[in-house]
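Shown next, in structure tokens, is the structure this report addresses.
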Amino acid sequence: MGRLSGKIAFITGVASGQGRAAAKMFAAEGGVVVGCDLDQDGTDQILSEVREAGHQMITFAPVDLGSADAAKKWIADGVAAAGGIDILYNNAAGARFGMVDQMTSEDWTFTLHHELTLVFHTVQAAWPHLIERGGGSVLNTASAVIFRGNPRLGLAAHAAGKGGVISLTQQLAAEGAPHRIRVNTISPGPVKRQGSQMPPEMAERIRSTIPLGEWGEPEDIAYCALYLASDEARWVTGANFVIDGGSNAVSLG
């Protein structure tokens, strides 16, 4: 306990899934969590749960991080409310899927904007505050799907956006190092999602390809994020952590 004591952690997409798990975990480890989401009801619920557990959290919702102005306002308002920023965890994203010969230009643009440009918005807004703070940790979320193609799933835009996150992270790590700003990426594999509409037969087919034999839980990703956010990872930057149950360690053939 207390691995984030004295630290202020900004997390995007806290209303559900991996962002929700991270918010609870970071707060339980002594961090002050500043969260945002488009979902007002979900944000209110996680805020209530964290505070009822005796931990500290501030939330803003609805916040559309697709807008550079909205991202800048969230960071500025959060810094004013919490007193600073030590950690930025870019968890939120949005994607549309389709085979390359069927995907519309609108869906392609939407996905790149909400999976790559959105990350740039929050990082650019937080960067001067992190420099003023004397350093910090930025965590970006990519995906295990970027490492190989899938002939059955329309992942072109999603893979391109998340691949861009990897490259952006490396450049940010280089720019941030002189300021003691560490920047790393987490690439999750198949993780359970509450309310998922995936057909059971598809879910089972995906599960059968995971060497460890089961879907990941949001907490499996949050544990990695906790490590990278903490001082335990003080010498880790520009790295990508693949958390996928071993899926990318085996051949699909």
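The values are calculated or read from the model by the stated rules, or taken from the named source; none is laboratory data. Here the structure is a predicted model, which means the values were calculated and not measured. Reconstructed Cβ throughout: ideal geometry from the backbone, glycine too, with neighbour counts over all protein chains shown.
What's the number of the only condition in (1) touching a residue at least 60 places away in the same chain (Cβ under 8 Å); (2) over 18 Å from ALA15 (Cβ atoms) that ALA76 fails to meet?
With respect to (1) touching a residue at least 60 places away in the same chain (Cβ under 8 Å); (2) over 18 Å from ALA15 (Cβ atoms), ALA76 is out only on (1).
Name the single residue, out of those in region 73-104 being in contact with a helix residue (DSSP H, G or I) (Cβ under 7 Å, 6 or more places away or on another chain) and at pLDDT below 90, that is nearest to TYR223 (Cα to Cα).
Going through the qualifying residues, I end up with GLY94.
Looking at PRO211, PRO188, which is the one that is of a type outside the set (A, V, I, L, M), surrounded by 16 or more Cβ atoms within 10 Å (Cβ to Cβ) and touching a residue at least 12 places away in the same chain (Cβ under 8 Å)?
Among PRO211, PRO188, only PRO188 is of a type outside the set (A, V, I, L, M), surrounded by 16 or more Cβ atoms within 10 Å (Cβ to Cβ) and touching a residue at least 12 places away in the same chain (Cβ under 8 Å).
Any idea which of ALA125, ALA156, ALA177 is under 12 Å from LEU88 (Cβ atoms), in contact (Cβ under 8 Å) with a residue 40 or more places away in the chain and small (Gly, Ala, Ser)?
Selected residue: ALA125, the only one of ALA125, ALA156, ALA177 that is under 12 Å from LEU88 (Cβ atoms), in contact (Cβ under 8 Å) with a residue 40 or more places away in the chain and small (Gly, Ala, Ser).
Write out, first by first residue and then by second, each pair whose Cβ atoms fall under 7 Å of each other, whose residues are 6+ apart or on separate chains, and whose first residue, in region 41-56, is under 16 Å from GLY13 (Cα atoms) while the second is of a type in the set (Asp, Glu) and surrounded by 18 or more Cβ atoms within 10 Å (Cβ to Cβ).
Going by the 7 Å Cβ cut-off, the qualifying pairs are THR43/ASP37.
What residue, of ARG96, ARG51, is touching a Phe, Trp or Tyr at 6+ places or on another chain (Cβ under 6 Å) and surrounded by fewer than 20 Cβ atoms within 10 Å (Cβ to Cβ)?
Going through ARG96, ARG51 in turn, just one is touching a Phe, Trp or Tyr at 6+ places or on another chain (Cβ under 6 Å) and surrounded by fewer than 20 Cβ atoms within 10 Å (Cβ to Cβ): ARG96.
If we only count helices (runs of 4 or more DSSP H) wholly inside region 134-253, which ones have 1 or more residues that are farther than 20 Å from MET25 by Cβ and either among the β-branched types (Val, Ile, Thr) or modelled with pLDDT under 95 (or both)?
Of the helices (runs of 4 or more DSSP H) lying wholly inside region 134-253, those with at least 1 residues that are farther than 20 Å from MET25 by Cβ and either among the β-branched types (Val, Ile, Thr) or modelled with pLDDT under 95 (or both) span 156-176, 200-207.
State whether one or more residues within region 155-167 are touching a Lys or Arg at 6+ places or on another chain (Cβ under 7 Å), under 19 Å from THR111 (Cβ atoms) and either surrounded by 15 or more Cβ atoms within 10 Å (Cβ to Cβ) or among the hydrophobic types (A, V, I, L, M, F, W, C) (or both).
yes
Keeping to region 112-132, report how many residues are closer than 21 Å to SER230 by Cα and either in contact with a His (Cβ under 9 Å, 6 or more places away or on another chain) or not in a helix (DSSP H, G or I) (or both).
Summing the residues that are closer than 21 Å to SER230 by Cα and either in contact with a His (Cβ under 9 Å, 6 or more places away or on another chain) or not in a helix (DSSP H, G or I) (or both) in region 112-132 gives 3.
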